[in-house]
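To keep things clear, I will list the structure first and then write my remarks on it.
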Amino acid sequence: MTSRSWALALILIVHAAIACGGEKMRASHTTMDADAAVAAGDPDAGPDLPAADAAVEPPATEFDIVVDVEPAGPYGQRSFDVPARSNWVNTGLFLRAGESATIAASGTWSYHDEATGPDGITDIEVVGCPAGMLVARSGLHYEDARACVGAGAEYTAPRDGILYVGANVSTDLGETYESRVLESDGTIEVTVEGTGDTAPSIAIGELAGYDLAAVASGWVELRGAHSVVTVPVADAVRDLGSAAASIRVLDSIYELHQEIRGAVPAAGQRIRFFPDPDVVPVGYMLAGNPIRCDPSIMSGGDTQRILRASEQGTDIWGFAHEVGHDFTMAGGTWVYMYPNLESWPNIFTVHALRALDRTEDQPNLATYCDGRDAYLAAPSYPTLRSDPFLQLCFLLEFEEDGGASFWPSFFAALNDLTNEDVQLDTSDPEDRMLWGLIRDRFSEAAGVDVTPRFQAWSVPLP
């Protein structure tokens, strides 16, 4: 088994993609979880944040498909492109349980470099349907059932939800690890016909003048430069005063992550935040595209709602953390993070919160290094390995050695490595080979030998 295959198999078991906002992250420590100036008049650009926070509207990627619909049905018939690499296309149709729509498709895309039409490759199965087949689902609930559509089928909704379509490439978990980008390509044309209500996608620059009360389905998607939030209309109305600015904050987080990563996840397409009660038993939020969220993130208290992210009192750690997870998977190798996948995304989190001057009302930012002195008085690697906040404290010390260029230099070098390039010793519980790789790459990025700092923290080395 290759190193990438081994690591992916392991992650599929432990799934290190749980992340939490506010104090909920502290409680999760013992749980192993699993590119452009603003286009004039572009409605996606939205209102400006203060200059330091202003996000830049990029050119739309070929994978960001928006199906324009009216606020209410009947939906009628719509035809649109569906790229295989799109992390699910919102058809603009909302179906209530038992309602149906007709879906037809034509064209060619590919799965693992094998060309196929929308019927897929019949002798390879993925999540109950042929690999590379056009599939449909009601909502984007984690690892929920998919309907095998192919070149054409009548789809009946098993639950209330927005109808999404996409290529059947991987499991939802596998998509977190960039499987959709790595394993598929091409575009087909899809036609959807139905009489149901609509679920509009609204650019934040149009939001203030949009008649939300006319949206009969009760659901909308609000999109910015890099972010999409799927949200009940009632919550969009309640937070209308802060919604556009909050999505701009999410966009700014994305851009700040890109500054230090030098790469983007999901081939640069917008990252969707989707409310999913099915992830609640797993975690507060689950990284990927979409980022699946406890529904309270859309509908809960004032200090946690995503459409209040622009408000000073809102805890935005979790949003930055989850997007950080996506950036850690944005090309190159990721198996170096195995000793604790929850600490590395927070390198991005801390950088973003500081750059946004959001250091107040962020409990985790204030406390992540609280255990440092006690640990250094009696260092024990098993403790460091199991505590993502303590490990984050350790990792951020290396900025002292390399300055502001340290993390961009480190990640740029990692982009030259694949998972297959990383040697793993699965029999070593102390992960010496991985820590040796990290030490060597840290020394290169810092321009000094960082071994003494590793030794002070009792980090095992080969």
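The values are calculated or read from the model by the stated rules, or taken from the named source; none is laboratory data. Because the structure is predicted, anything quoted here is derived from the model rather than measured. FYI the Cβ positions are ideal-geometry reconstructions off the backbone, even for glycines, and counts take in every protein chain you see. Ligands, DNA and RNA are excluded from the accessible area calculation, which covers all protein heavy atoms including side chains. Shrake-Rupley method; radii C 1.70, N 1.55, O 1.52, S 1.80 Å.
Out of the total accessible area of the chain (probe 1.4 Å, heavy atoms of protein only), what percent is carbon and sulfur?
Details: 8490 of 16790 Å².
After summing per-atom areas, the C and S share lands at 51 percent.
Among the DSSP beta bridges whose two residues both lie in the chain, what percent are antiparallel, rounded to the nearest 5?
Numbers: 52 of 61 bridges.
Percentage antiparallel, nearest 5: 85.
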Round to a whole angstrom and tell me the spacing of the C-alpha centers of the stretch 373-400 and the stretch 210-286.
-> 33 Å
Note, ³J(HN,Hα) from phi for the stretch 325-340, Karplus 6.51, -1.76, 1.60, rounded to Hz, x at Gly and Pro = 3, 4, 6, 5, 9, 8, x, x, 8, 10, 5, 4, 7, 3, x, 6
Residue-wise HN-Hα coupling along the stretch 288-294, computed from phi with Karplus coefficients 6.51, -1.76, 1.60 (Hz; x: Gly, Pro) | x, 9, x, 7, 8, 10, 3
Interchain or long-range residues, amide H under 5 Å from HIS141's placed H = none
Kindly provide the helix-only [θ] at 222 nm of the chain, computed as the sum of -39,500 (n - 2.57) over DSSP H runs of four or more divided by all residues, to the nearest 500 deg cm²/dmol?
-> -8500 deg cm²/dmol
Can you list which of the trypsin sites (Lys or Arg not before Pro) found in the stretch 80-141 are DSSP loop residues with at most 16 other C-beta atoms within 10 Å?
-> ARG96
Amide H neighbours of ILE291 under 5 Å, counting only residues 5+ apart in sequence or on other chains, H built in-plane at 1.01 Å?
-> ARG272, PHE273, PHE274
Identified option (computed Kirkwood radius over Cα pairs in Å; candidates [x] 23.8; [y] 25.5; [z] 22.7) = [z]
For the stretch 373-462 the mean separation of alpha carbon contacts under 8 Å (6+ apart) over residue count, i.e. relative contact order in percent, is 38 percent
Provide the per residue accessible area, probe 1.4 Å, for the chain, rounded to a whole number of square angstrom.
-> 36 Å²
Considering amide H positions built from the backbone, and no H for Pro or chain starts, which residues 5 or more places from LEU93, or on another chain, come under 5 Å of its amide H?
-> LEU163, ALA199
In sequence order, what are the phi-derived ³J(HN,Hα) couplings for the stretch 234-242 according to the Karplus relation 6.51 cos²θ - 1.76 cosθ + 1.60 with θ = phi - 60°, rounded to whole Hz, with x for glycine and proline?
-> 4, 6, 5, 5, 4, 9, 4, x, 10
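In the stretch 274-334, which chymotrypsin sites (Phe, Trp or Tyr not before Pro) fall in coil by DSSP and have 11 or fewer other Cβ atoms within 10 Å? Let's see the in-between values first.
Numbers: sites: TYR284, TRP317, PHE319, PHE327, TRP334; in loops: TYR284, TRP334.
Passing both the DSSP loop test and the Cβ count: no residue.
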The answer for the net charge of residues other than MET133 whose Cβ lies under 10 angstrom from its Cβ, with Lys and Arg +1 and Asp and Glu -1, is -1
Computed P(r) (all Cα pairs; the stretch 62-127; 10 Å bins; percent) = 16, 43, 31, 9, 0
